[in-house]
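Chemist: I'd like to ask you about the structure that follows.
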Amino acid sequence: MVKEERVSSIPLPSIKSKTLVKIIEYLKKHAELTPSNKEDFKNFEKEFANVVLGELLDITVAVNYLKINGLLEFCCQAVADRIKDKSVKAVRKIFRIESDFTPEKRQSFGGKLLGPLKVILMIPSTRVLW
């Protein structure tokens with residue numbers, strides 16, 4: 001008599017197969033990391049992060065769900081590097097964010113806000129359009 005094997009599955013809601021393939025590719029390369037191939041891995045990471053922003057964000061959301069913290073930190077840093085030193089207007093364009101502020105309300109902020117705080121406060125109630 002043959003015993004039936006129980007197959008366990010891991011639910012991966014809304015994770016595209018292309019995204020999962022990229023995550024597995026990264027994890028395999030990371031598992032092969034040794035002191036002698038550290039430079040090759042750094043080059044791989046640069047190439048890995050050099051994808052369309054939407055794909056990088058998909059990977060970021062997926063690794064957050066999967067609790068792959070090292071890759072999550074890497075992806076978050078890659079996203080941060082892309083918006084570093086960008087204006088609020090440029091960040092809105094990159095992430096396709098529409099503001100609920102009227103031009104008058106936006107004008108009322110003037111130059112009072114600085115740096116990242118400016119970005120946060122200029123996006124109080126937004127819709128992200130993917």
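Read-outs: derived from the displayed coordinates by stated rules, not from any lab. Here the structure is a predicted model, which means the values were calculated and not measured. Ideal geometry is used to build each Cβ from the backbone, glycine not excepted, and the neighbour counts take in all protein chains shown.
Chemist: Could you name the aspartates and glutamates whose alpha carbon sits less than 16 Å from that of LYS93, not counting residues in the same chain fewer than 8 places away?
Modeler: Answer for LYS93, where 16 Å is the Cα cut-off: ASP81, ASP85, listed by chain and number.
Chemist: Set the bar at 30 Å for Cα to Cα. Now go through LYS18/LYS105; LYS28/LYS86; LYS46/LYS105; LYS38/LYS84 and name every pair that lies beyond it.
Modeler: Violating the 30 Å limit, Cα to Cα: LYS18/LYS105; LYS28/LYS86; LYS46/LYS105.
Chemist: Further, regarding this structure: At 7 Å along Cα-to-Cβ for each site, give me the label-to-label distance between ASP40 and VAL61 in nm.
Modeler: 3.4
Chemist: In whole Hz, with x marking every Gly and Pro, tabulate ³J(HN,Hα) for region 64-70 from phi via Karplus 6.51 cos²θ - 1.76 cosθ + 1.60, θ = phi - 60°.
Modeler: Values, residue by residue: 5, 4, 7, 6, 9, 4, x Hz.
Chemist: Stretched out fully, how many nm does the piece from ILE10 to LYS84 gain, at 0.36 nm a residue minus the Cα gap?
Modeler: Stretched out fully, the ILE10 to LYS84 stretch lengthens by 23.1 nm.
Chemist: Using 1/(1 + (r/R0)^6) with R0 = 22 angstrom and r between the beta carbons of ASN69 and GLU47, what's the FRET efficiency to the nearest 0.05?
Modeler: The pair ASN69/GLU47 has a calculated efficiency of 0.55.
Chemist: While we're looking at this one, here's another question. Between SER108 and GLN77, what length comes free when the chain is fully extended (0.36 nm per residue of separation minus the Cα-Cα distance, one decimal in nm)?
Modeler: 8.0 nm
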